[in-house]
Structure formats: C-alpha cells, structure tokens
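Values in this text are rule-based calculations from the coordinates and carry no lab data. Every value quoted in this text rests on a predicted model; they were computed, and no experiment measured them. Methodologically, a virtual Cβ is constructed for each residue, glycine included, from the backbone with ideal geometry; neighbour enumeration extends over all protein chains shown.
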Amino acid sequence: MNDMTPIPVATARPAAGIGCLDAPVRKERGQHAVFCGLTGIIWMHRKIQDAFFLVVGSRTCAHLIQSAAGVMIFAEPRFATAIIDERDLAGLADVHDELDSVVAKLLARRPDIKLLFLVGSCPSEVIKLDLGKAASRLDKRFFPRVRVLNYSGSGIETTFTQGEDAALAALVPVLPAAPADAVASLLIVGALADVVEDQFLRLLNEMGIANVKALPPRRSTELPDVGPNTRYLLAQPFLTETARALDERGAERIAAPFPLGEQGTTEWLRAAAEAFGVAPAVFEAVTAAPAARASRAVARHLPVLSGKRVMFFPDSQLEIPLARFLANELGMGLAEVATPYLHRAHLAGDLALLPAGTPLSEGPDVDLQLDRCRAARPDLVVCGLGLANPLEAENITTKWSIELVFTPIQGYEQAGDLAELFARPFGRQSRLEV
Ligand code: SF4
C-alpha cells in the first residue's frame, strides 16, 4: 500500500554533517514513469571511440536511437539495430545464426571496431534471446581482434541511466588484473565529457595524485587495470552494478558527494585527496582559485533562482546531488526530491548535505506525485520528457532531466552552466509572457 502522509516543504539550510542522512523516504508501489536504457548509447558511443553498440531489438528501438542521436551523415555510425522481425518472432528463423551473420558482416566492413556491445532490448528479452551466450560465442570467434560483450538496455522497468551502469558493469570482468604489488591507483568511474575528465585529471595531478585512470576509457585498448590497490571514485550516482563488480575485483570505493557545483566538486576532490594522503595546504592551493571561480559563476544565477521552489520527479538518478546543489548553492526550496532508486551508501555524502526535512521519495507512483505537485505548485519541476508537456500545459515550469545527462555539468568550470540550465526555463517563460 502507498504511504499517503502529506509532504512538507523543506526550506531550512542543512544542519552540518547530518542533513537527510537518516531521513525517512516515502516509497510507493504503483505506476512508475521510466525511460529506455538504450539512451546511454548516445553518450557512451562518443566516449569510447573504438566501440560499437549493436542493439538487438525492434524498429521502435532503431527509431529511438536514431532520433535521439541524430543522423550522422558524414561519419561512420558506431551504433545500429539488428531488427528482430516477424520470422524471428514466429520461430521461423534461427535468431542466433542471423545475429552471427550480421556481426561477421559488420566486423568485416569496419576494422576500426575493437569493442562490440550486443545490447539487449525489450523485444530480445521478451523472446528470451540469450545475448550472454551470443556474446561469448562471438567473443571466442573474434577476440583478440574484437572484444564482444553484452548488456541489457531494455526499457522494461528501468531508468535510462541504467544503460550506462549495465555497460560499465559488463566491462569490469575484462579489465586487466593489477599486480599485487602495484602502486595505489585512482579510478574515476562514470562517463564524463572529455573536457570535464581532463579538468579532473589536471587537478588531481597538481595535488600529486599521478596514477589516475578512467572507466570507461576513451579507447577500449586502454582498459584500466584493477585490483586491491585500486581506489575508485564514482563520478555518477547511478552506477550500482558497476560499483558492485569493482568491489568483487577487490577495488575500494572512496565515499564522496558527487561533483556537481562548487560544493560537490570540492568535497569529491577532497575525498580523493584524503584517501591519497594529500596535505590540506596542497589541496587548498590547488582548488581555491577554481572553487572561487565556480562560486562566482553560480552566484550570477541567484537573482533568478534564489527563493524559488523546485520539485524533482524520478528519472535520471541525479536528483539527490542536483537538489543538494540547488538548495545549498542557489538557495532554492525543495518541495520534493524523488528518485527512481535511492542507494543510501553511494548517496550518503549528498544526503548529509541536504537541508534537514527535505521530502524524499523513491520510485513514487506517478499519479500520486502529480497530485502532490498540483497541491504544492512548485516554481520548477525537473522531470522526464513524458511529463514535461502536460505540466507546462498546467502552467508549471519544467526542466527536462535528460538534458542534464547530455550536457557537461560536473566540475568547477561547469558549475555556472549547471545553474544556468535551471535558470533558463524562467527566461523562456518571461519571454513567452512579453
Ligand atoms: S528497448 Fe524497449 S523501451 Fe527501449 S526503444 Fe526498444 S522497445 Fe522501446
């Protein structure tokens, strides 16, 4: 049964170090609004430059990927859909034979592909096509020229950021083993825009942390090694399965808030600095100037955002760190912060920094949350594409959460852009009112 307790609105500043760490979370069972995990291909195919994502799905899957990614006219695409048609569904064709033939043709034509992901979809799961078996058969045939892995990007009861988690989790077992006597290394985990990753690498290097690698790497031939001397720092809050797989390889997670805004970035870097024994004075010397720049860039948006109330619908799994940023750095009130899944351990740093009393919910029933939204009348709703238009029709200003995944928002130099993403809908509205 759903918990129907009315939700108060949080406006208090966070109590230092406590915030919402142990706060109760409203959990509902009912209709959830979710979006397809294939979406992750859009940003991951740009990140791993020699990878190819072959979706095994339907024409709907092909249309989703094509329309979300845009048509690449001059470049060779690095994703495609092998369409399961009526003959396959009727059992008139052997889907495994057809898939082998599609993969053989693709790899013969594209020698630049070094890593091939077979990506499962709703249709491949409905017909119970075993893509794990297919990937291992094809890997035996094509490795070492091409590594073949599989993961599910199915939109059945998943959120769209789970696609990245599933892809990275599939990579972890094939990461080389770090020797037992290897020097301690730091692994940044989660797909970041190259420009953001370069900024983080530079700051960490300036602190004296030299052995830093990233997962995913930019090329599949540069897979980072992993072992008991690996400490890893999650750059995205939706990497539950990847973190579990890294733990199984003996790596150790460094607990930290996520690097959104000045506060999140400073605390994220500080966690790495402390784990690697960087002196506080060195840390301050390296971060002081970019942190001050980030605060100034964020402050430019205070006149528009301060004092406004925001409500998050569950979608990207970035909701808790974003709410922490909006409340603490832009003075926004939090009407409700809903997330599809709340991983208390991974989000502990952000929860502790949230204002006490923030109404939190996990996987809320969409209809019940819409009722709460209409009652609360927040100034801004952050939600998925499907809810944005109906809410705008009710004169509720919205922000598409998917934009936050496609835009570089992590780190000091992007903090102002992140604030601007939330200020922009108000500018749009005032222009419409003129
Ligand atoms: S995987 Fe499922 S939700 Fe995603 S496009 Fe294909 S059919 Fe639709």
Next on the checklist: Can you give me the orientation-averaged projected area of the convex hull built on the Cα atoms of the range 37-158, in nm²?
Outcome noted: 7.2
Item to check | Per-pair calculated FRET efficiency, R0 = 25 Å: A68 and D22 via Cβ, rounded to 0.05 | outcome: 0.05
Checklist entry - Among K47/K105; K105/K128; K105/K133; K47/K133; K308/K399, which pairs are too far apart, with a Cα-Cα distance over 22 Å? => result K47/K105; K105/K128; K47/K133
Checklist outcome for this item: So, relative contact order of the range 185-295 in percent, Cα under 8 Å, 6 or more apart, is 26
Checklist outcome for this item: Per 10 angstrom bin, beginning at 0 and ending with the bin that holds the maximum distance, the Cα pairs of the chain fall in percents of 4, 21, 30, 25, 15, 5, 0
Next on the checklist: Just want to confirm a number: the relative contact order over the range 291-434, from Cα pairs under 8 angstrom separated by 6+ residues, in percent.
Outcome noted: 30
Checklist entry - Could you give the longest part of the chain that holds none of the GluC sites (Glu not before Pro) found in DSSP loops with at most 14 neighbouring Cβ atoms within 10 Å? => result 158-393
Next on the checklist: Given the DSSP H assignment, sum -39500 (n - 2.57) over each helix run of at least 4 residues in the chain and divide by its residue total; what's the result at 222 nm in deg cm²/dmol, nearest 500?
Outcome noted: -13000 deg cm²/dmol
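Could you list D97, D85 so that the one with the fewest beta carbons within 10 Å of its beta carbon is first and the one with the most is last?
D97, D85
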Item to check | Residues S101, S154, S316, sorted so that the one with the fewest Cβ neighbours within 10 Å comes first | outcome: S101, S154, S316
Checklist entry - Just how many % of Cα pairs in the range 362-416 lie over 12 Å apart, if you round to the nearest whole percent? => result 70
Item to check | Ranked list, fewest to most other Cβ atoms within 10 Å of each Cβ, for K399, K140 | outcome: K140, K399
Item to check | Efficiency of FRET between N205 and A182 - r from beta-carbon atoms, R0 25 angstrom, step 0.05 | outcome: 0.85
Item to check | Dipole magnitude (debye, nearest 20) for the chain, charges at Cβ of Lys, Arg, Asp, Glu | outcome: 560
Checklist entry - By Kyte-Doolittle mean hydropathy of at least 0.5 and Cα axial length of at least 27 Å, which whole DSSP H helices of the chain are selected? => result none
